[in-house]
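Right, one structure below, let's go through it.
Please treat every number below as a calculation from the coordinates, not as lab data. Keep in mind that this is a model prediction, so the values were computed, not measured. Here Cβ is always computed from backbone atoms with ideal geometry, including for glycine, and neighbour counts include all displayed protein chains.
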Amino acid sequence: MNKRPRDDHSFASAPKRQYGAGGGYGPQQGYSEERSSARRVADHYSARSNQTLEERENSPIIHLKKLNNWIKSVLVQLYARPGDCVLDLACGKGGDLIKWDKAKVGYYVGVDIAEGSIKDCMTRYNGDTDQQRRKRFSFPARLICTDCYEVEMNAS
């Protein structure tokens, strides 16, 4: 697999992250404000109530949502191969689980910062409470609630 060279110029305005002595990002590096923002994002998504199908269809941005969903479906079908392992960052409530199931992936890891979203994703993966909508997925899954910027994701 060819690796694309990193274009450092495109990251010029992004704040630089550094590991502290404890192995993570700490307030000593000046990231306490950033951590607070991450917590607000997590709280926002955890507090959102689930919408009914009718409410979703009446959304002023429903066409944009459908376009985004279609694009993701096409990308998954083009690039995912049977047996692939998937790392889905910002997996939300698991709205893409069916896409991955259709692609016959072998293993799925979903990561999201919002505990409420991970709980909804777990409910969706384990089977909706509505028996008619129950879906059994063909792949094992691991769901993790964390801020991806706060954990090391290496092989050790």
Listing of helices (runs of 4 or more DSSP H) fully contained in the stretch 62-156 that carry 2 or more residues being crowded, with 18+ Cβ neighbours inside 10 Å: 97-102, 115-126
Yes/no for LEU78 being hydrophobic (A, V, I, L, M, F, W, C) and more than 29 Å from ASP147 (Cβ to Cβ): yes
